[in-house]
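The values are calculated or read from the model by the stated rules, or taken from the named source; none is laboratory data. Fair warning: this is a prediction, and the values are worked out from it, not measured in the lab. Cβ placement follows ideal geometry from the backbone for every residue including glycine, while neighbour counts extend to all protein chains displayed.
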Amino acid sequence: MTLRKPRRGIAAAIATLATAATVATFATVASVPAAAATTEPGVSAQAQVPSAVNGYRNVGYFTQWGVYGRNFQAKQLDVSGTAADLTHINYSFGNIHHQTLECFIANKAQGTGPNGSDGAGDAWADFGMGYTAANSVAGVADKWDQPLAGSFNQLKQLKAKNPNLKVMLSLGGWTWSKNFSAAAATDASRKKLVSSCINLYIKGNLPVIDGRGGAGAAAGVFDGFDIDWEWPGSHNGEVGNIVDEVNDKANFKALLKEFRTQLDAITATTGKEYQLSAFLPANVEDINAGGWNDPELYNYLDFGNIQGYDLHGAWDPSLTGHQGNLYDDPTDTRPAHRQFSVDKSVREYLKTGINPAQLGIGLAAYGRGWQGATSANAWGPATAAGPGTWEKGNEDYDKLKNLGTGYYDAAIGAAWRYDGNQWWSYDDTRTTAQKAQYLVDLGLGGAMWWDLTGDRQGELVGTMADALRAAPTGPATDPGNGGGTTDGTTDGSTDGTTDGTTDGTTDGSTDGTTGACTSPAWSASAVYTGGAKVSHNGSEYTAKWWTQNETPGNGGVWNLVSACAPGSTDGTTDGTTDGGTTDGTTDGTTDGATDGSTDGSTGTACVAAWASGSAYPGGSTVSYQGSNYKAKWWSQGERPGSSAWGAWELVAACA
């Protein structure tokens, strides 16, 4: 497939920047005090816990196309230990269809020219590619007929090993931002876009392509969205992007609000919190055009990460210089309006009153470089872009870290390498540690990396994580892991609501005496389809969809049925009289063994019949062909019982 260009929002903008875009230089970090830890908007206060790396976020982008020539699969994040140093993985990217203006997945290679993104997608990398035991996170080979494979399944396995790790779907990026403006233009189109994204990535209703996918196949993979619109209201994005200079700013804000509204509605159904982040521009022109530093946006965003790289590059082939300098470089020979720094960009956001805890700074796991350079100093002459493996002027950190001689200037927070011919600007462990201290001093929420393929052993990511762990506890918070389990069901572990009145004692934990684990023990190597029951660590669980090697008790695919211990088997009459009449309505899922079909009385009554034309939100109950079903997520037109991985969960036979 055609490789996508790395993001270069400032790079593309340099030639058109207005001289009026000059921003005052700030000499020291101390001029903005660190903010106290506060509750971030967008996340319910009772669900918040400190972010996993000592109250800081460490976010890394995992590229869809990296599994090919770069041979970078999710397992590399496991074996290198990088996954344990990350709080979020942003899977890049999702695309917006040029005709429907909806989120979609397809198998169509990226084309060329301004319309190259139309209809493009890579379902094979996303969920089609089969993994062997050797290159799988779980160490188990994919089966030919499992509905979810590819990177989605590998990231799901990575989450099972790292319970605090969250995976976000990044929408857009440099190449796939073309249709954002059109999709955000009206209230109806915004609702349609967001609903389609949630249906595809949160509910996991994948298209069926080459035997993979299907309803609910990807449920539990993603924990939210990362919005990478490059750039609303600005022509500094990719050639051919739709831009509405007048209305994009307001429509962008309304789009974020719509994402927040619909994600919160799903939370109300599932009990699981979903996050919303954004990739923030560093260029003042783009910030102003899109209103990126409007504090209202951060009522909808959990956090955003400021682009801290691509501040200079070989699009200017005759001048070397820094691409990610923390502070302004007094030796920079370019006009003032073309001089950038990370600190300068951060101040553009802080000056409007945005909570620093909601901001992160981006670092590069790659370098920008030149050849024909005649000086080891920055801002010297060169003749052309440096020779890059994937793109001229661009090279991975792993391939640069030992080239020539390394240089570091603490006064401006910049590192570079020079071998007498090639000159490369990049982040190394020294600039990483310095930027970690910078974000701690300002009370920022963390760091972000573009992209993980350039740092295969996690040297940079790990340096950042170690520095943040050694710092005072940071201000960033994330949703706790106790909220919700089902990504589209009703958490079925609360046993209906209150289960009649008291259901003997606690219905499913003691329920008369002590319910025994009657289901077979869970096995990491076994394949389980939707509805399968297992026991693990003294509790019984039901699989909501196909799974393999996902440990019960961590949420996701496994729905808790009840605690159990040696004793009786939850009988058939549920204690004595089940403390009520019909055990709430459907008693969660199956309440041990039968409990919900006979449940101590005369059987469960059939609820209202399913209708193909009706829309059912998660938690709805219907009857169909002598059984009651519960909707795990929003559904319309899907026949109950038609798929083990679909929206409908069998509750019990009814009469």
Exercise. Have a look at Gly213, Gly172 and point out the one that is surrounded by 22 or more Cβ atoms within 10 Å (Cβ to Cβ) and more than 17 Å from the chain's Cα centre (by Cα).
Key: Gly213
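Here is a yes/no grid of residues against (1) part of a loop (DSSP other than H, G, I, E, B); (2) under 14 Å from the mean Cα position of the chain (by Cα):
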residue	(1), (2)
His235	yes, no
Phe252	no, no
Leu263	no, yes
Thr269	no, no
Ser277	no, yes
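Scan the stretch 339-357 and give yes if some residue there is part of a loop (DSSP other than H, G, I, E, B), touching a residue at least 60 places away in the same chain (Cβ under 8 Å), surrounded by 24 or more Cβ atoms within 10 Å (Cβ to Cβ) and within 32 Å of the chain's Cα centre (by Cα), otherwise no.
Yes, that holds for at least one residue.
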Self-check item: Given (1) crowded, with 22+ Cβ neighbours inside 10 Å; (2) at pLDDT below 95, number of the condition Ser277 does not satisfy
Solution: (2)
Self-check item: Val221 of a type in the set (A, V, I, L, M) and surrounded by fewer than 24 Cβ atoms within 10 Å (Cβ to Cβ)
Solution: no
Quiz item: Quick check: is even one residue across the stretch 31-50 modelled with pLDDT of 70 or more, surrounded by 22 or more Cβ atoms within 10 Å (Cβ to Cβ) and outside any loop (DSSP other than H, G, I, E, B)?
Solution: no
Quiz item: Of Gly94, Gly119, which residue is of a type in the set (Gly, Ala, Ser) and buried (at least 19 other Cβ atoms within 10 Å of the Cβ)?
Solution: Gly94
Exercise. Please state which one of Ala133, Ala106, Ala120, Ala141 is closer than 16 Å to Leu200 by Cβ and either of a type outside the set (Gly, Ala, Ser) or out of contact with any helix residue (DSSP H, G or I) (no Cβ under 9 Å at 6 or more places or on another chain) (or both).
Key: Ala120
Quiz prompt | Criterion violated by Gly113 - all others in (1) touching a Phe, Trp or Tyr at 6+ places or on another chain (Cβ under 6 Å); (2) small (Gly, Ala, Ser); (3) modelled with pLDDT under 95 satisfied | solution = (1)
Self-check item: Single match in Leu319, Leu276, Leu280, Leu311 (criterion: of a type in the set (A, V, I, L, M, F, W, C) and over 29 Å from Ala414 (Cα atoms))
Solution: Leu276
Quiz item: Looking at this structure, is Ala436 among the hydrophobic types (A, V, I, L, M, F, W, C) and without any contact (Cβ under 8 Å) to a residue 40 or more places away in the chain?
Solution: yes
